[in-house]
Amino acid sequence: MELRVLKYFLAVAREENITKAAALLHLTQPTLSRQLMQLEEELGVQLFRRSRYHIVLTDEGMLLRRRAQELVDLAEKTAQEFQKNPELRGEISIGSGDLEGMYVLAELLASFQKLHPQVTYQIYSGNADHTKERIEGGTLDLGLLLEPVDISKYDFIRMPVKEHWGVLVHEDAPLAQKEVVTPKDLAGIPLILTRRELIQQEMERWFGSYAQRLQVKATGNLPYNMALLAGAHIGAYLTLKLHCTYEGLRFIPLSPALESSTVLAWKKTETFPPALSAFLAHVEKCLNPISDNTK
């Protein structure tokens, strides 16, 4: 597969129309169609379902779209890293969930940007498992990961903030009248949990003897979507405290308190692109007076 052809494929998938994609790519429609057919022949699968006015990706086409985008992003990132410029340039890609640690990271990015205004940033939103997959695949440089998480293959810096757990409940729910909620309060109550297995195990330990009475009604990895479920009275959403509010919902801390840490992690390697190397040095310089947990 040629990178050029993958870019053609992505354009067609985005436009859902070969004629429109051909115009954007400055190709003739027959030329583009021929390239796509050759790609299908090379892979031995059908990538599109064609109709008179538009095309739709098959399941195989959806898979290729994800892989092709990762390959194109990685190629572009590699090209940027080899550009020689007297002023520090480049792109730093970071994955993170919705975490308090992101506020610290945002301040670090802001102070680094003042020193190196030509560096740009790409932020990917996802949980720790998804972020690690992208770091391994080379499409992310760094990941802000919520513990517990396996970071044995990574270098990391622990962020100097704690993540505090609680429940989001509808303001009309009986739990909304409490100042804190205990495992006993949540026993037998419909719950909404994160999909991450390690976090679920941490929750079960917090529930202790009440873990056998858990009633999990939904799981997911996007806090906003899970908050909507809580607002619809589907259950109490066990989540982290963030600097945001949801209309009609109230956040109540857990008791005994449950806290988690976050780490800024990256693959162990001997060399870094100049922008990433400079940023990691900046982070260590800023955080070392606060924390000596650099690994």
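Structure values in brief
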| item | result |
| --- | --- |
| Any chance L168 is modelled with pLDDT of 95 or more, under 21 Å from N288 (Cα atoms) and not in a loop (DSSP other than H, G, I, E, B) | no |
| Members of the range 96-126 found to be closer than 12 Å to T262 by Cβ and in contact with a Gly (Cβ under 8 Å, 6 or more places away or on another chain), listed by number | S96, G97 |
| Long-range neighbours under 8 Å by Cβ, at least six apart or interchain, first residue touching a residue at least 40 places away in the same chain (Cβ under 8 Å) within the range 43-60, second surrounded by 10 or more Cβ atoms within 10 Å (Cβ to Cβ) and part of a strand (DSSP E or B) | I55/F48; I55/R49; V56/F48; V56/R49; L57/F48; L57/R49 |
| Tabulated pairs, the range 226-241, first open to solvent by 20 Å² or more (accessible area, probe 1.4 Å), second assigned to a loop (DSSP other than H, G, I, E, B), C-beta under 6 angstrom, 6+ apart or interchain | G231/G248 |
| Out of I123, I92, sole residue that is surrounded by 14 or more Cβ atoms within 10 Å (Cβ to Cβ), without any contact (Cβ under 8 Å) to a residue 60 or more places away in the chain, part of a strand (DSSP E or B) and touching a Ser or Thr at 6+ places or on another chain (Cβ under 9 Å) | I123 |
| Residues being of a type in the set (D, E) and either under 19 Å from T131 (Cβ atoms) or at pLDDT 90 or above (or both) - total across the range 264-295 | 1 |
| Neighbours by Cβ (under 8 Å, 6+ apart or cross-chain): first from the range 1-19, among the small types (G, A, S); second modelled with pLDDT of 85 or more | A11/A21; A11/L24; A11/L25; A13/L57; A13/G61; A13/R65 |
| Residue tally, condition open to solvent by 40 Å² or more (accessible area, probe 1.4 Å), over 17 Å from L229 (Cβ atoms), among the acidic types (D, E) and touching a residue at least 24 places away in the same chain (Cβ under 8 Å), over the range 156-204 | 2 |
| All positions within the range 26-72 that are under 16 Å from M1 (Cβ atoms), in a helix (DSSP H, G or I) and under 29 Å from the mean Cα position of the chain (by Cα) | E60, G61, L63, L64, R65, R66, R67, A68, Q69, E70, L71, V72 |
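The values are calculated or read from the model by the stated rules, or taken from the named source; none is laboratory data. Quick caveat, the model's predicted, so the values are computed rather than measured. No Cβ is skipped: glycine too gets one built from the backbone with ideal geometry, and neighbour counts run over all protein chains shown. Calculation scope for accessible area: heavy atoms of the full protein, side chains included, ligands and nucleic acids excluded. Shrake-Rupley method; radii C 1.70, N 1.55, O 1.52, S 1.80 Å.
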